[in-house]
Amino acid sequence: MYSVIVRDDTGVVARSVLDGLAEAVSFGREESLEGNSITVYEAVQDSSGDILHISKVLSMIMPKETPYV
């Protein structure tokens, strides 16, 4: 399970918990604007339902211009 958090200068813009890493990265890219940061954590859900971050998998800042063709 992966927890993804999208932040801008003012705080959290979007967050989600997804089963796959590709899904988490895709969600982060879809929800963020240029300059936003995307952080993906490996996560588990404890017995009370809280999401616990195990380790940071990746962190990136959306570029001002998409470098993909």
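The values are calculated or read from the model by the stated rules, or taken from the named source; none is laboratory data. Bear in mind the structure is a predicted one, so any value in this text is a computation, not a measurement. A quick note on method: Cβ atoms are made from the backbone with ideal geometry, for glycine too, and the neighbour counts reach across all protein chains shown. Heavy atoms of the whole protein, side chains included, go into the accessibility calculation; ligands, DNA and RNA do not. Shrake-Rupley method; radii C 1.70, N 1.55, O 1.52, S 1.80 Å.
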* To do: Give the residues of region 2-14 that are touching a helix residue (DSSP H, G or I) at 6+ places or on another chain (Cβ under 9 Å) and either surrounded by fewer than 16 Cβ atoms within 10 Å (Cβ to Cβ) or of a type outside the set (Gly, Ala, Ser) (or both), sorted by residue number.
  => Tyr2, Val4, Ile5, Val6, Val13
* What do you reckon, is Ala24 assigned to a strand (DSSP E or B), in contact with a strand residue (DSSP E or B) (Cβ under 7 Å, 6 or more places away or on another chain) and open to solvent by less than 70 Å² (accessible area, probe 1.4 Å)? -> no
* Output the qualifying pairs, or none if there are none: Cβ atoms under 6 angstrom, residues six or more apart or on different chains, first residue in region 46-63 and touching a residue at least 12 places away in the same chain (Cβ under 8 Å) and polar (S, T, N, Q), second residue assigned to a strand (DSSP E or B) and open to solvent by less than 60 Å² (accessible area, probe 1.4 Å). => Ser59/Thr39
* **Members of region 1-25 that are within 9 Å of the chain's Cα centre (by Cα) and more than 11 Å from Met62 (Cα to Cα)** => Tyr2, Ser3, Val4, Ile5, Ala14, Arg15, Ser16, Val17, Ala24, Val25
* Does Glu42 satisfy the condition of being modelled with pLDDT of 95 or more and in a strand (DSSP E or B)? -> yes
